[in-house]
Amino acid sequence: MPDPTVQIPRPLERDGFDYSAPEAQRAIEESLALVLEIRESATQPMARKIAVYEGTLGLAVIPVLLRRTLIVFARAWRQRRGADR
């Protein structure tokens, strides 16, 4: 059983700083805004690269689908031609 006379500090109070003070909350909000701004500026070029990749991937699929369509029509045409004889 733990000793009730020993006070264990809460994690946020270990360094003696009161994070619930209005100044601390304002500082956290401002730093969070800066972190989000840095993150957005760092990922913006990547977002463009992803959009280009997705667009070109879509274009790369078109020839494959056309080829498959031609194969299906060729098989159907051969089967009809064989059934007519």
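Each reported figure results from applying straightforward, stated rules to the coordinates on display, with no laboratory input. For clarity, every value in this text was computed on a predicted model and none was experimentally measured. Neighbour counts are summed over all protein chains in view; Cβ atoms, including those assigned to glycine, are modelled from backbone coordinates with ideal geometry.
Describe numerically, in nm with one decimal, the distance between label points set 7 Å from Cα along Cα→Cβ at THR56 and at ALA24.
5.0
Decide, for region 19-84, between rounded, prolate and oblate: order the square roots of the alpha carbon gyration tensor eigenvalues as a ≥ b ≥ c, take rounded if a/c falls under 1.5, and otherwise choose prolate if a/b is larger than b/c, else oblate.
prolate
Please list, in order along region 43-54, the HN-Hα scalar couplings obtained from phi with the Karplus expression 6.51 cos²θ - 1.76 cosθ + 1.60 (θ = phi - 60°), rounded to whole Hz, x for Gly and Pro.
So the Karplus estimates, Gly and Pro as x, are 8, 4, x, 5, 5, 5, 5, 5, 4, 5, 4, 5 Hz.
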